[in-house]
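Scroll down for the structure; my scribbles are underneath it.
The values are calculated or read from the model by the stated rules, or taken from the named source; none is laboratory data. These figures come from a predicted structure and were not determined experimentally. No Cβ is skipped: glycine too gets one built from the backbone with ideal geometry, and neighbour counts run over all protein chains shown. Keep in mind that these areas ignore ligands, DNA and RNA; they rest on the heavy atoms of the full protein, side chains included. Shrake-Rupley method; radii C 1.70, N 1.55, O 1.52, S 1.80 Å.
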Amino acid sequence: MPVIVTGAITILIGVGGMLAYFWLSNILLDRVFFPAKGENIGRNVRRATAIRPWLFVFPAIFALSLYLVVPVFYSAYLSVTSFASDNLAERGRFANYAAVFSDPEFRIALFNNFLWVLVVPAASTFIGLLAAQLTDRLSWGNIAKSLVFMPMAISFVGASLIWSFVYHPDPEIGILNAIRVTFGAEGGRTFIDGDVIDSLWLMVVLIWIQTGFAMVILSAALRGVPEDTIEAAIVDGANPFQIFFKIKVPQIMPTILVVWTTITILVLKVYDIVAAMGSQYRNVEILPTQMMQSFDSGNYGFATAISIVIMVLVLPVMIWNIRQSRAELR
Amino acid sequence: MADLKLTDVQKVYGGTVKVLSDINLDIKTGELIVFVGPSGCGKSTLLRMIAGLEKITGGTLEIDGQVVNDVPPSQRGIAMVFQSYALYPHMTVYENMAFSLRIAKADAATIDAKVRAAADKLQLTNFLDRLPKALSGGQRQRVAIGRSIVRDPKVYLFDEPLSNLDAALRVATRIEIAQLKEQMPDSTMVYVTHDQVEAMTLATRIVVLAGGGIAQVGTPLDLYERPNSTFVAQFIGSPAMNLLPGRITGTGDVTTLELDAGGGQITSTYPSRDSDMGAAVQVGIRPEDMTATEGDIFAFQGKVEITEALGEVTLLYFQKAAADQDAVIGKLAGIHQGLRGTTVRLTAKPEKVHVFRDGVSLLHRDAPVFLPGVQPH
């Protein structure tokens, strides 16, 4: 059977199955269990209303528990039970964690991760904010915004490939080297060759992708700043810079923080860019790539220990992010 | 502290849409000028042009004898109070009031003194550390006023400052603004509102704007007693003045009129000329000036369709003579019961009878009168 047919059938079964589930479960609820008739009509309607939301969320809860919650606990379990050697196993339950934290490569990865967390969210948010403000009143602002936003539609691996060409050592291929040669440099230079600082070149890719996201969200927030407060500031004598930094930015600060933390969470999970562009260099390694390497070499205990470390790092940011965006909704 | 002079000011949007034209206005130091007019008459636009937030597309605006058409708002010596208060939500009351001075790089001691003086004047001293969201509507409005006071402007501009307040607070804040004006007799104020009571109670002079121009300028009672056109006559006063069609039957210092609906001859203290003899006119009588009569001489007779008893007055809504005409309204002092469905005759004293020929008051026909060409309500 051709692939396209199997694909179509899968989609039909999936979508049709879900529709059938919603339809049938609601019919069961309304006709069989709590029919809106008879002597208990009031009680039945109330109970049906109370149960109905659960019918609709059940598939999502089920799938999320199966593919997210269970793996989290299983990973935690593996990290304290699966050991690469008997030697390691004898050192107690937390031997994997001890091994992780004493591993020099882990320290490099952790350090790099911190660099990523420090640089990428800050740069993306700042450039996005700038782009949002600068395109706000332009006649061609929407075109500019679409262009800035477009990288969001490219997969991380695709973007890495594009930037690999940008950084290419051959001046005939890499635009950066082409520019350098134009200004008199002798031959091309290899940008990513294993220095710690090379992480920055990789971060550029993610900044390039995430700036669009920050810009779109912040642009909407800037539009929400009451025009009156800006006019009041004009009458008060503020210049455009003061209006931007003292009137507009403070008013959208909650949104800025949500954008910042959202990108931070993403950065802590980033894997593809480093894997695609710097996999051969230890020095640009980050936690997820190290985790994958241990996983590939069958060292499950070590890999899951790293994954739990990543989760512990992401969790506080995540909780804060959710709280902040909820507060903003209110 | 400052005179304000508008000469042939106009506002055109996109080269074709004329919003305001031929605005000529002389505002003297210490006056409180109120712009009123129906929605969309351009009163807020005119205020924003004075503030410098809208470009003046024609004519000149002078403040203190200086043309300020191209001077940025902050250097015009004006301060503005916005309808929505426009407080900076992330700053405390103190910071809100200090903002303009900090921008102007005043030293901390001066800022502190000015902010505290303004806060004291507006009873805001206890709220200086609060954010705007922790204040009531009236307090926010006072902060907005305080923010303009600290700038010590030549001209205060108010854009419908009370329209976001509830009725009771509106009355209280209106009185506060009147008291504030008393405390600062030299400051010039321009105030935009659509509320007649605010206009009548606060204004030194009222400017009635309509149809892109100025319909009439005058003191509140001037506009009430001597409106220059049927538009102003019906715009000022509530319920609106009744306009009854009639003819002039006797001219001179006192004009004799006969109404189309009959009722004999009534007189008005408006003077008329010989050439007016027999001319078709509109006879204007305010509802509150009408009195019931049993006699054969009356200004109006009709069947009462609806009555509204408010205690202090009773409003009578008469059956319309034709579908396209406004219903005649009478406002009788005191309580009158059992009038609904009966036929009532009303008359008015000669000094309360206004006469308009072609929409222009007989009192004002020597000066050019701008007829807005729109409905007052």
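Looking for something more than 30 Å from B:Thr193 (Cβ to Cβ), in contact with a helix residue (DSSP H, G or I) (Cβ under 6 Å, 6 or more places away or on another chain), surrounded by 18 or more Cβ atoms within 10 Å (Cβ to Cβ) and assigned by TED's automatic domain parsing to the domain that holds B:Ile285 - is there at least one such residue anywhere in region B:232-248? The answer is yes, given that some residue of region B:232-248 is more than 30 Å from B:Thr193 (Cβ to Cβ), in contact with a helix residue (DSSP H, G or I) (Cβ under 6 Å, 6 or more places away or on another chain), surrounded by 18 or more Cβ atoms within 10 Å (Cβ to Cβ) and assigned by TED's automatic domain parsing to the domain that holds B:Ile285. Among (1) farther than 26 Å from B:Arg365 by Cα; (2) of a type in the set (Gly, Ala, Ser); (3) part of a strand (DSSP E or B), where does B:Gly311 come up short? The failed condition is (3). Filtering region A:73-83 to residues that are more than 12 Å from A:Asn299 (Cα to Cα) and open to solvent by less than 50 Å² (accessible area, probe 1.4 Å) leaves A:Ser75, A:Ala76, A:Val80. Scan region A:97-113 and give yes if some residue there is without any contact (Cβ under 8 Å) to a residue 60 or more places away in the chain and among the small types (Gly, Ala, Ser), otherwise no. Scanning region A:97-113, I find at least one residue that is without any contact (Cβ under 8 Å) to a residue 60 or more places away in the chain and among the small types (Gly, Ala, Ser), so the answer is yes. If you take the residues in region A:221-240 that are among the small types (Gly, Ala, Ser) and either facing another protein chain (nearest Cβ under 7 Å) or touching a Phe, Trp or Tyr at 6+ places or on another chain (Cβ under 8 Å) (or both), which one is surrounded by the fewest Cβ atoms within 10 Å (Cβ to Cβ)? Checking each candidate, the answer is A:Gly237. Residues of region B:67-76 that are crowded, with 19+ Cβ neighbours inside 10 Å, part of a loop (DSSP other than H, G, I, E, B) and within 10 Å of another protein chain (Cβ to nearest Cβ): B:Arg76 alone. Let me confirm something: among A:Val181, A:Val196, which residue is away from chain B (no Cβ under 12 Å), touching a residue at least 40 places away in the same chain (Cβ under 8 Å) and either among the hydroxyl-bearing types (Ser, Thr, Tyr) or open to solvent by 30 Å² or more (accessible area, probe 1.4 Å) (or both)? Just one listed residue meets the conditions, A:Val196. Can you tell me which residue within region B:83-110, out of those that are more than 26 Å from B:Gln179 (Cα to Cα) and assigned to a helix (DSSP H, G or I), is nearest to the other protein chains (Cβ to nearest Cβ)? Going through the qualifying residues, I end up with B:Ile103. Just one residue in the set A:Arg180, A:Arg189, A:Arg223 is basic (Lys, Arg) and touching a Gly at 6+ places or on another chain (Cβ under 8 Å); that residue is A:Arg180. Considering region B:141-164 alone, what residues qualify as being away from chain A (no Cβ under 11 Å) and touching a Leu at 6+ places or on another chain (Cβ under 7 Å)? Matches in region B:141-164: B:Gln141, B:Arg142, B:Val143, B:Ile145, B:Gly146, B:Val155. Somewhere in region B:307-321, is a residue of a type in the set (D, E, K, R), modelled with pLDDT of 90 or more, closer than 18 Å to B:Phe235 by Cβ and open to solvent by 30 Å² or more (accessible area, probe 1.4 Å)? Checked region B:307-321: no residue is of a type in the set (D, E, K, R), modelled with pLDDT of 90 or more, closer than 18 Å to B:Phe235 by Cβ and open to solvent by 30 Å² or more (accessible area, probe 1.4 Å). For B:Ala104, the conditions (1) under 33 Å from the mean Cα position of the chain (by Cα); (2) open to solvent by 60 Å² or more (accessible area, probe 1.4 Å) are fulfilled apart from (1). Residues of region B:182-203 that are in contact (Cβ under 8 Å) with a residue 60 or more places away in the chain, closer than 21 Å to B:Ser163 by Cα and assigned to a helix (DSSP H, G or I): B:Gln196, B:Glu198, B:Ala199, B:Leu202. Of the residues B:Ala79, B:Ala113, B:Ala118, the single one that is within 12 Å of chain A (Cβ to nearest Cβ) and among the small types (Gly, Ala, Ser) is B:Ala79. Any chance region B:126-140 includes a residue that's away from chain A (no Cβ under 11 Å), open to solvent by less than 20 Å² (accessible area, probe 1.4 Å) and in contact (Cβ under 8 Å) with a residue 40 or more places away in the chain? Checked region B:126-140: at least one residue is away from chain A (no Cβ under 11 Å), open to solvent by less than 20 Å² (accessible area, probe 1.4 Å) and in contact (Cβ under 8 Å) with a residue 40 or more places away in the chain.
Those residues that are open to solvent by 70 Å² or more (accessible area, probe 1.4 Å) and small (Gly, Ala, Ser), I need them from region A:122-154; list them, please. A:Ser139, A:Ala153 - these are the residues of region A:122-154 that are open to solvent by 70 Å² or more (accessible area, probe 1.4 Å) and small (Gly, Ala, Ser).
Considering each of A:Ile252, A:Ile243, A:Ile247 in turn, give the residue that is touching a Phe, Trp or Tyr at 6+ places or on another chain (Cβ under 7 Å) and within 14 Å of another protein chain (Cβ to nearest Cβ). Residue meeting the stated conditions: A:Ile247. Restricted to region A:84-121, and to residues there that are over 17 Å from A:Val284 (Cα atoms) and aromatic (Phe, Trp, Tyr), the residue that is least open to solvent (accessible area, probe 1.4 Å) is A:Tyr97. Being surrounded by 13 or more Cβ atoms within 10 Å (Cβ to Cβ), under 25 Å from the mean Cα position of the chain (by Cα) and closer than 19 Å to B:Arg226 by Cα narrows it down to one residue among B:Pro368, B:Pro372; which is it? Of B:Pro368, B:Pro372, the one residue that is surrounded by 13 or more Cβ atoms within 10 Å (Cβ to Cβ), under 25 Å from the mean Cα position of the chain (by Cα) and closer than 19 Å to B:Arg226 by Cα is B:Pro372.
When A:Val267 is tested against (1) within 14 Å of chain B (Cβ to nearest Cβ); (2) surrounded by 18 or more Cβ atoms within 10 Å (Cβ to Cβ); (3) over 30 Å from B:Gln75 (Cβ atoms); (4) not charged (D, E, K, R), exactly one condition is not met: (1). Quick check on region A:274-294. Is at least one of its residues part of a helix (DSSP H, G or I) and out of contact with any helix residue (DSSP H, G or I) (no Cβ under 9 Å at 6 or more places or on another chain)? Within region A:274-294 (the criterion being part of a helix (DSSP H, G or I) and out of contact with any helix residue (DSSP H, G or I) (no Cβ under 9 Å at 6 or more places or on another chain)), the answer is no, since none of the residues qualifies. Of all the listed residues (B:Lys181, B:Lys114), the sole one being under 22 Å from the mean Cα position of the chain (by Cα) and in the same structural domain as B:Gly77 (by TED's automatic domain parsing) is B:Lys181.
Every test in (1) at pLDDT below 90; (2) in a helix (DSSP H, G or I); (3) among the hydrophobic types (A, V, I, L, M, F, W, C) is passed by A:Phe83 save one, and that test is (2). Go through the residues of region A:238-246 one by one and say whether even a single one is touching a Pro at 6+ places or on another chain (Cβ under 8 Å) and assigned by TED's automatic domain parsing to the domain that holds A:Arg323. No.
Going by the structure shown, is A:Gly174 open to solvent by less than 80 Å² (accessible area, probe 1.4 Å), more than 30 Å from A:Phe111 (Cα to Cα), at pLDDT below 90 and not hydrophobic (A, V, I, L, M, F, W, C)? Against the criterion (open to solvent by less than 80 Å² (accessible area, probe 1.4 Å), more than 30 Å from A:Phe111 (Cα to Cα), at pLDDT below 90 and not hydrophobic (A, V, I, L, M, F, W, C)), A:Gly174 does not qualify. Quick check on region A:247-262: of everything there that is open to solvent by less than 10 Å² (accessible area, probe 1.4 Å) and in contact (Cβ under 8 Å) with a residue 24 or more places away in the chain, which residue is nearest to B:Phe99 (Cα to Cα)? The extreme case among them is A:Ile252. For region B:32-46, the condition of being within 13 Å of chain A (Cβ to nearest Cβ) and either at pLDDT below 95 or in a helix (DSSP H, G or I) (or both) holds for at least one residue.
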